[in-house]
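Written out below as structure tokens is the structure these notes cover.
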Amino acid sequence: MTIIELLITSKDEIISGANTALSRSELTHYKSSGSEQNKQRLQLLYGLALQCIQNKTLLPMLDYAKKIAHERFQLGFDLYEVQTAFNVLEEIIWKKIIEELHPAEFADALGMVSTVFGAGKDTLATTYVSLASKVKTSSMDYKALFAGTDGI
């Protein structure tokens, strides 16, 4: 069995496991959106990961990560919430690889999955940081902390 065959035949089991793991993580925005919407999001992410592995391209994942970063940032999601969604799906796929594939295939299979999800998470994070750096935030007035320290 190849990694692609595994991902196709185990799709429902992997998504269900990732959805369960996501619900246990108690993430505010994912908890409020509900299990069915979270499952749909995981299915989309899974489909993109499979597409990237099948076609040996990262572009669909990178485009999606940028899009989702903008959407979730505007909705007030914290970066760690979205990263966790990526992480739980990747982890369930890793477990399935170890359970189902021959050990000689672990390196290639885990390498492909990790590359796709790693690139997605990196793009997600850099996009989030870029968006956050454009937001005006208040800064602390440190002068008040150091008042009266002359001559000490």
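Quick note: the coordinates plus some simple rules give every number you see, no bench work behind them. Quick caveat: nothing in here was measured; it's all calculated off a predicted structure.
Pairs of alpha-carbon atoms within less than 8 angstrom and 6+ residues apart define the contacts here; what relative contact order does the chain have, in percent?
It rounds to 31 percent for the chain.
What angle do you read, to the nearest 10 degrees and between 0 and 90, between the alpha-carbon axis of helix 59-74 and the longest principal axis of the chain?
40 degrees
Using a/c under 1.5 as the rounded threshold, could you call segment 3-133 rounded, prolate or oblate? The axes a ≥ b ≥ c are square roots of the C-alpha gyration tensor eigenvalues, and prolate needs a/b larger than b/c, oblate otherwise.
oblate
Quick one: among 54, 40, 74, which has the greatest mean-square fluctuation in a GNM of the chain with alpha-carbon springs under 10 angstrom?
Fluctuation is largest for 74.
Step through the table entries 31/121; 56/134; 56/121; 11/67; 56/95, compare each Cα-Cα distance with 28 Å, and write down the pairs that go over it. List each step's numbers first, then the result.
On the way: 31/121 21 Å; 56/134 34 Å; 56/121 17 Å; 11/67 24 Å; 56/95 22 Å.
Where the Cα-Cα span goes over 28 Å, the pairs concerned are 56/134.
Given the options 25, 33, 16, state which has the largest fluctuation in a GNM of the chain using a 10 Å cut-off (strictly under) for Cα springs.
33
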